[in-house]
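Working notes, beginning with the structure itself.
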Amino acid sequence: MTDEQLLRYSRHILLDALGIEGQTSILGTHALIIGAGGLGSPAAFYLASAGVGRITLVDDDTVDFTNLQRQILHTQSRVGMAKVESGQQALMAINPEIGIVPLQQRLSGEALDRLVATADIVLDCSDNFATRHAINRACVHHHKPLVSGAAIRFDGQISVFDLRRNDSPCYHCLFPEAEDVEEVRCAVMGVFAPLTGIIGTMQAAEALKLAAGIGKSLNGRLLLLDALTMEWRTVRFKKDSACAVCGPTAVGQLPGYLPQPDADHESVSAACRLTSSVRAN
Ligand SMILES: [Zn+2]
């Protein structure tokens with residue numbers, strides 16, 4: 001670590017649990033952030049400021065005036081710019097020593113598979129179930145830890161699927177794809193601005209803990225927040241031994257597997273899709 005790095009990250013290095021060893025691990029981490037909207041903004045800010053060495057930021061959308069209420073990576077002067085380019089400018093302004101790779105594309109199929117394979121940690125900051133399930137399948141296949149967040153109206157959710165571990169549940173264990181779920185879209189629904197900040201910041205916290213190898217992650221726990229009452233609820237869940245994605249005969253385990261392309265063409269930029277039913281076992 002250089003003298004400048006020792007100074008920049010000194011308040012991390014002072015933490016007994018983290019120290020130089022943890023910070024060095026963070027510096028060597030490649031994080032993949034899918035979605036540069038409400039959740040991806042705070043998540044990317046904290047990963048960049050904390051020194052995650054390489055951040056790949058993926059989003060196919062451009063900055064819209066209506067995004068500015070909550071998507072804090074972006075500014076009014078950058079309306080119309082690609083979100084990943086706007087995000088890169090914001091992150092480089094905070095920490096020019098890290099590597100930011102902006103990818104303006106809708107990630108699916110082979111491209112998603114290749115990118116997940118190269119990442120150490122994946123943050124799902126997308127806004128729709130098709131993308132969430134595709135990301136999960138790729139993370140199961142490549143045994144990558146997945147930090148998943150969602151926010152809509154005043155309701156937030158966050159969990160971690162530490163798929164480096166064989167006994168870890170996956171996103172599909174918790175939210176089976178075939179199950180009828182409530183579809184809620186940012187485009188038509190409201191979202192409380194700081195809620196995306198709370199959940200996205202917690203995604204950053206979980207990702208940094210995983211990167212440094214410290215603490216206890218949210219693996220096997222789903223946290224649900226009602227921001228109107230500011231009440232948190234914890235749902236504990238386990239791996240579904242019959243899961244179609246991570247089970248012993250699941251497609252996600254087969255060699256030559258590829259995630260399915262997304263079923264729709266909605267943007268992954270905004271951070272707002274929740275399910276009405278949570279199956280806990
Ligand atoms: Zn599963």
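FYI, it's all coordinate maths here, none of it is from the lab. The model shown is predicted, which means the values in this text are computed figures rather than measured ones. Please note: Cβ atoms are built from the backbone with ideal geometry, for glycine as well, and neighbour counts cover all protein chains shown.
Let me know the whole percent of all Cα-Cα pairs from the stretch 1-103 that are separated by more than 22 Å. The answer is 32 percent, as a whole percent.
Other residues whose C-beta falls under 12 angstrom from the C-beta of residue 218 contribute a net charge of +2, scoring Lys and Arg +1 and Asp and Glu -1. Bridges between two residues of the stretch 2-135, per DSSP, are antiparallel at a rate of about 5%. In the distance distribution for the stretch 39-97, Cα-Cα pairs more than 13 Å apart total 55 percent. Listed from fewest to most Cβ neighbours within 10 Å, the set 218, 195, 146 follows the order 218, 195, 146.
Taking other C-beta atoms within 10 Å as the exposure proxy, 155, 59 rank 155, 59 from fewest upward. Using the Cα coordinates of the stretch 44-194, the gyration tensor eigenvalues translate into equivalent-ellipsoid semi-axes of 25, 21, 14 Å, sorted from longest to shortest.
With a Förster radius of 45 Å applied to the beta-carbon distance between residue 77 and residue 236, the computed FRET efficiency rounds to 0.50. Distance from the Cα centroid of the stretch 30-81 to that of the stretch 212-237 is 23 Å (rounded to whole angstrom). Footprinting exposure proxy ranking of 20, 198, fewest other C-beta atoms within 10 angstrom first, gives 20, 198. Residues whose amide H lies under 5 Å from that of residue 162, counting only those 5 or more places away or on a different chain, are 146, 220; hydrogens are built 1.01 Å from N in the peptide plane. For the stretch 124-161, the residues whose backbone nitrogen is under 12 Å from a point 7 Å from the Cα of residue 117, taken along Cα to Cβ, are 142. Electrostatic bookkeeping for residue 41 treats Lys and Arg as +1 and Asp and Glu as -1; over the other residues with beta carbon under 12 Å from its beta carbon, the sum is +1.
Based on the reciprocal of the average 1/r between different C-alpha atoms, the Kirkwood radius for the stretch 127-177 equals 11.3 Å. At q = 0.22, 0.31 Å⁻¹, what log₁₀ I(q)/I(0) does a Debye calculation on the Cα points of the stretch 75-131 give, no solvent, two decimals? Cα-only, vacuum Debye calculation for the stretch 75-131: -1.09, -1.28.
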